[in-house]
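Single-structure report; data block below.
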Amino acid sequence: MKNINIRKVAVIGCGFVGSASAFAIMQSGLFTEMVLIDSNRTKAEGEALDISHGLPFAKPMKIHAGDYGDLADASLIIVTAGAGQKPGETRLDLVKKNIAVFESIIPEISKRNKNAILLVVANPVDILTYVSAKLSGYPENRVFGTGTVLDTARLKYLIGEHLSVDPRTVHAFIIGEHGDSEIVAWSCANVSGVPLHDFCEMRGHFDHKEAMKEIADGVKNSAYEIIEKKNATYYGIAMSVKRVCEAIVRDEKSILPVSFVHHGNYGIDDVALSMPAIVGKDGIETPVPINLSEQETVDLKKSAKTLKNILDTTFKNQMSSDR
């Protein structure tokens with residue numbers, strides 16, 4: 001695209017998640033330039049300087065603090081800015097605070113750059129992905145969130161631990177909301193092509209129902225547990241951001257459970273949530289339909305309704321009153 005540097009990335013928000021993501025991106029060698037933007041310019045400068053000191057052990061890269069003007073030629077803009085989740089607070093409790101933050105950030109992005117890919121990381125990521133798609137004016141394939149990429153990684157990790165196998169050989173997805181109404185798509189889960197229940201029995205596990213509940217609860221409660229113990233989660237999501245960046249920059253056409261606005265898939269319309277999609281250099285190439293059980297489909301629609309109700313009472317009503 002004209003005036004776009006395909007090797008330049010911008011990270012907006014230099015809190016725990018933004019800084020950890022920037023560090024993971026630096027280590028990846030995917031980009032030659034990274035600009036960090038934060039409402040506290042001094043914080044952005046400090047993070048840029050600290051991360052830059054690792055460059056002698058990585059690939060050449062320019063890392064610097066900047067402002068919205070520095071977004072003009074970025075090919076990928078990652079938004080992590082927003083209030084963090086506090087102990088006892090759900091991701092959806094953050095909604096009003098962070099919609100307000102995005103209403104100030106997203107128009108500033110679209111004024112400077114209309115050709116980038118916009119990757120939303122801040123929570124509640126599904127709500128903020130929808131808000132970003134509507135406020136930015138970008139084509140919807142170029143606005144998406146990290147969604148349940150991290151939840152899916154947690155699922156693979158826990159299944160791997162349960163079965164004592166490499167989690168990279170586990171093929172399974174968390175779908176729906178990145179939050180309390182998320183769904184494990186058990187019906188299509190497998191380990192290297194072997195249906196999950198068959199593989200479990202091969203490893204001596206026969207109480208499938210109890211194990212499935214324990215693993216699903218473990219995934220859902222992971223963030224709460226980490227926040228209770230150390231007040232924030234950032235390493236896992238930083239690796240998830242890096243993984244999505246890899247798929248984009250390398251045009252991998254990888255299938256990742258990212259959050260994007262749906263229009264009729266599974267009976268879901270005008271709401272963003274996570275389903276597998278092919279991700280490459282132009283963003284989302286196409287959603288990937290997966291086989292779901294009847295109950296999983298019902299639960300997915302419930303998850304969508306939960307998110308849509310929140311949008312209706314916060315963002316959509318506000319947009320209507322602003323017109």
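Couple of notes before you dig in:
- Of all positions in segment 285-294, at least one carries a residue that is of a type outside the set (K, R) and part of a helix (DSSP H, G or I).
- Residue selected from segment 185-231 under the condition outside any helix (DSSP H, G or I) and in contact (Cβ under 8 Å) with a residue 60 or more places away in the chain, by the criterion surrounded by the fewest Cβ atoms within 10 Å (Cβ to Cβ): N231
- Test: A238 is modelled with pLDDT under 95, among the small types (G, A, S) and assigned to a helix (DSSP H, G or I): no
- Only one of the numbered conditions (1) modelled with pLDDT of 95 or more; (2) of a type in the set (A, V, I, L, M); (3) surrounded by fewer than 23 Cβ atoms within 10 Å (Cβ to Cβ) is not met by L92, and that is (1).
- Lone unmet requirement of (1) surrounded by 12 or more Cβ atoms within 10 Å (Cβ to Cβ); (2) in a helix (DSSP H, G or I) for N309: (1)
- Candidates A172, A153 - the one that is among the aliphatic types (A, V, I, L, M), touching a residue at least 60 places away in the same chain (Cβ under 8 Å) and within 29 Å of V95 (Cα to Cα): A153
- Hey, T152 in a loop (DSSP other than H, G, I, E, B), surrounded by 20 or more Cβ atoms within 10 Å (Cβ to Cβ), among the polar types (S, T, N, Q) and touching a helix residue (DSSP H, G or I) at 6+ places or on another chain (Cβ under 9 Å) or not: no
- Scan segment 54-89 for residues that are exposed (fewer than 13 other Cβ atoms within 10 Å of the Cβ) and more than 18 Å from A238 (Cβ to Cβ) and the total you get is 6.
The values are calculated or read from the model by the stated rules, or taken from the named source; none is laboratory data. Nothing here was measured: the structure is a model prediction, and the numbers come from that model. In this analysis, Cβ positions are derived from the backbone assuming ideal geometry, glycine residues included, and neighbour counts consider all displayed protein chains.
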